[in-house]
Amino acid sequence: MLKIKFITAQRVVTTATTPEQLKETPETQHNQFISLAIRAHTGNAGFIYVSMNSQLASAAFGYVLSPGEVMVLDVSKFFDGYIDISQIWIDSANDGDGLSYYGFEVLQ
């Protein structure tokens with residue numbers, strides 16, 4: 001049986017057009033999640049871009065989140081794997097736009 005921990009965090013993109021890793025928080029222990037929901041802040045002035053590659057977290061290639069929009073990643077139903085949040089890259093159209101996320105981290 002898996003031991004899991006519920007994690008919540010927020011992230012703000014410091015400089016638009018400069019991709020940043022989603023990264024761990026002081027709460028995370030292993031960066032391995034079976035489910036993750038990412039929500040662009042409702043007060044954002046523009047879009048958030050999400051990718052699994054720093055080169056693709058951009059307006060041209062990233063998955064686009066409008067202010068308030070949610071993206072859910074859930075690998076628990078498909079295969080026996082994990083989402084490594086250190087491999088998720090984000091960017092924004094405007095300095096200071098951000099997102100919130102929550103997920104279920106697998107504890108080892």
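Quick note: the coordinates plus some simple rules give every number you see, no bench work behind them. Every value quoted in this text rests on a predicted model; they were computed, and no experiment measured them. Note that each Cβ is placed from the backbone with ideal geometry, even for glycine, and that neighbours are counted across all protein chains shown.
Can you report the number of residues in the range 53-70 which are touching a residue at least 24 places away in the same chain (Cβ under 8 Å) and either part of a strand (DSSP E or B) or in contact with a Phe, Trp or Tyr (Cβ under 7 Å, 6 or more places away or on another chain) (or both)?
Summing the residues that are touching a residue at least 24 places away in the same chain (Cβ under 8 Å) and either part of a strand (DSSP E or B) or in contact with a Phe, Trp or Tyr (Cβ under 7 Å, 6 or more places away or on another chain) (or both) in the range 53-70 gives 9.
Can you report the number of residues in the range 1-45 which are part of a strand (DSSP E or B) and charged (D, E, K, R)?
5
Filter the range 52-108 for residues that are within 22 Å of Lys5 (Cα to Cα) and small (Gly, Ala, Ser) and give the result.
Once the filter is applied, which keeps residues that are within 22 Å of Lys5 (Cα to Cα) and small (Gly, Ala, Ser), the range 52-108 yields Ser76, Gly81, Ser86, Ser100, Gly103.
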